[in-house]
Amino acid sequence: MDREKVGERIRKLRTERGLTQEKLAEQIGVARGSVARYEAGTYYPSQEVIVKLAAILGVTTDLILGNTMDKLSVPSDDDIKFALFGVDPANITDAQFEEVKRFAQYIRDQKSKPSGK
């Protein structure tokens, strides 16, 4: 695999999703410098990291590796509202939806913190 091309794809996908290198690194459990090295093509991510990247970036591992350019189907906000609330999405305010997204982020952040046990 071409490390530089893999790095370019990681950088492109990360920036498309509005993630910083630091935030992506936190989500996949590596140092920010590791993400920088992946993107620069000086270091190749492990298979485990590639799987985590694919899940976080909403793509297949094949896309990251350059085997295909297929993206996973990303649900629309209306699809998510319907799945969460089971009602007509028009009945959910933007403020309510933003509150649910903030709560989901809080849960993700709590999960990534090391436990004190």
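The values are calculated or read from the model by the stated rules, or taken from the named source; none is laboratory data. For clarity, every value in this text was computed on a predicted model and none was experimentally measured. Neighbour counts are summed over all protein chains in view; Cβ atoms, including those assigned to glycine, are modelled from backbone coordinates with ideal geometry.
If a residue has to be modelled with pLDDT of 80 or more, surrounded by 10 or more Cβ atoms within 10 Å (Cβ to Cβ) and hydrophobic (A, V, I, L, M, F, W, C) to count, how many in region 86-102 make the cut?
Result for region 86-102: 3.
Is it true that some residue in region 67-78 is at pLDDT 85 or above, at negative phi and in a helix (DSSP H, G or I)?
Initial filter on region 67-78 (at pLDDT 85 or above): none.
No, region 67-78 contains no residue that is at pLDDT 85 or above, at negative phi and in a helix (DSSP H, G or I).
Taking I50, is it within 26 Å of K111 (Cα to Cα), touching a Ser or Thr at 6+ places or on another chain (Cβ under 8 Å) and assigned to a helix (DSSP H, G or I)? If you could, list the steps in order and put the result at the bottom.
Working: within 26 Å of K111 (Cα to Cα): yes; touching a Ser or Thr at 6+ places or on another chain (Cβ under 8 Å): yes; assigned to a helix (DSSP H, G or I): yes.
Considered against the rule, which asks whether it is within 26 Å of K111 (Cα to Cα), touching a Ser or Thr at 6+ places or on another chain (Cβ under 8 Å) and assigned to a helix (DSSP H, G or I), I50 comes out as yes.
Identify all residues within region 18-47 that are part of a loop (DSSP other than H, G, I, E, B) and either more than 15 Å from the chain's Cα centre (by Cα) or surrounded by 13 or more Cβ atoms within 10 Å (Cβ to Cβ) (or both); write none if there are none. Explain how you work it out, then say what you get.
So the first thing to find is which residues in region 18-47 are part of a loop (DSSP other than H, G, I, E, B), and the list is 18-20, 29-31, 41-46.
The answer is L19, V30, A31, G41, T42, Y43, Y44, P45, S46.
Can you confirm whether Y106 is more than 14 Å from the chain's Cα centre (by Cα), in a helix (DSSP H, G or I), modelled with pLDDT of 85 or more and of a type in the set (S, T, Y)?
Values: more than 14 Å from the chain's Cα centre (by Cα): yes; in a helix (DSSP H, G or I): yes; modelled with pLDDT of 85 or more: yes; of a type in the set (S, T, Y): yes.
When the stated conditions are applied, Y106 passes them.
Within region 79-103, track down each residue that is small (G, A, S) and not in a helix (DSSP H, G or I). First the steps, then the outcome.
Quick first cut of region 79-103, residues small (G, A, S) only: 83, 86, 90, 95.
Passing the criteria: only G86.
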